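To start, the structure under review is shown below, and the notes come after it.
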Amino acid sequence: MIRAFIALPLPGETREALAMLQHMLPLSRRVPPENMHLTLAFLGDLDDETLEAVHDGLQAIAAPPIELKLAGVGTFGGDKPRSVHAQVAPGPELDALQAKVARAARSGGAQVASRSFVPHVTLSRERPRGPDLMRLEQGGAALSGWRAPPVRVEEFCLYRSDLGGGPARYTPLACYPLTG
Ligand code: 2AM
């Protein structure tokens, strides 16, 4: 079985801007910049046949490039945040791409959660506590005006995720051009 997900890769300049943002916040266990991405669909463990069917579906997607605007800092988990992320401005092209990707993955036999899509780039998956949480709230508020230079992303990729022993390792299995 292969643990897989579909994401937009981020250009180096965006990952550098995000790494600087990480250092302005009281984060532990930062996501390494080379691992940063914008998840479109998490697929979980797939057998080879399903992976192949998902790949075929993704190859057939026609969609335009995405103009990504990263702006502001957020957390998931309400009063007890469990992760910290850079927010991504929502947009119709991004929503449409995510819907196509999720549909293709489901048609291929993968189970994709149907919860609503909140585009983001995870900066830390550690639960911030006590003083760190307070500093994060203050820092996050102070950085609500944070922006990365807008970028154009011209492909999306199917990734394999290997966990265990330190940070996850993400390997692109295939990338698909956004030229539609
Ligand atoms: P994230 O973008 O919020 O960090 C690869 O593991 C990506 O898939 C991660 O970036 C993570 O989302 C997402 N992911 C991992 N496990 C998940 C799960 N159980 N449900 C939904 N998304 C998950």
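The values are calculated or read from the model by the stated rules, or taken from the named source; none is laboratory data. Please read these numbers as outputs of a predicted model, since none were measured by experiment. For neighbour counting, all protein chains shown are included, and Cβ atoms are generated from backbone atoms with ideal geometry for every residue, glycine included.
Mind listing whichever residues of region 79-111 are touching a residue at least 60 places away in the same chain (Cβ under 8 Å) and under 20 Å from ASN35 (Cα atoms)? Scanning region 79-111 gives a single hit, ALA86. Residue-level check: of (1) within 16 Å of the ligand (Cβ to nearest atom); (2) farther than 20 Å from THR179 by Cα; (3) surrounded by 16 or more Cβ atoms within 10 Å (Cβ to Cβ), LEU94 misses just (2). Per the conditions (1) among the hydrophobic types (A, V, I, L, M, F, W, C); (2) more than 16 Å from the ligand (Cβ to nearest atom); (3) at pLDDT 95 or above, the sole criterion not satisfied by ALA86 is (2). Evaluating PRO9 against the criteria (1) in contact with a Gly (Cβ under 8 Å, 6 or more places away or on another chain); (2) under 30 Å from ARG135 (Cα atoms); (3) at pLDDT 95 or above leaves one unmet condition, (1).
Among the residues of region 79-102, those identified as of a type outside the set (Val, Ile, Thr) and either within 21 Å of ARG3 (Cα to Cα) or part of a helix (DSSP H, G or I) (or both) are SER83, PRO92, GLU93, LEU94, ASP95, ALA96, LEU97, GLN98, ALA99, LYS100, ALA102.
In summary, ASP132 fulfils each of the numbered conditions (1) on the phi > 0 side of the Ramachandran plot; (2) touching a Pro at 6+ places or on another chain (Cβ under 8 Å) with the single exception of condition (1).
Counting only strands (runs of 3 or more DSSP E) that sit completely within region 103-180, those holding 2 or more residues that are among the β-branched types (Val, Ile, Thr) and away from the ligand (no atom under 13 Å from the Cβ) correspond to 151-153. Condition (residue is in contact (Cβ under 8 Å) with a residue 40 or more places away in the chain and within 16 Å of GLN111 (Cα to Cα)) applied to region 60-78: is it met by at least one residue? No, every residue in region 60-78 fails to be in contact (Cβ under 8 Å) with a residue 40 or more places away in the chain and within 16 Å of GLN111 (Cα to Cα).
Results for (1) closer than 26 Å to ALA141 by Cα; (2) surrounded by 20 or more Cβ atoms within 10 Å (Cβ to Cβ); (3) not hydrophobic (A, V, I, L, M, F, W, C), shown as yes or no for each residue.
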position: GLU16; (1), (2), (3): yes, no, yes
position: ALA41; (1), (2), (3): no, yes, no
position: ASP56; (1), (2), (3): no, no, yes
position: GLN59; (1), (2), (3): no, no, yes
position: LEU68; (1), (2), (3): yes, yes, no
position: PRO81; (1), (2), (3): yes, yes, yes
position: HIS85; (1), (2), (3): yes, yes, yes
position: ALA89; (1), (2), (3): yes, no, no
position: VAL101; (1), (2), (3): no, yes, no
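In region 109-160, of all residues being within 13 Å of VAL73 (Cβ to Cβ) and of a type in the set (S, T, N, Q), the one that is farthest from the chain's Cα centre (by Cα) corresponds to GLN138.
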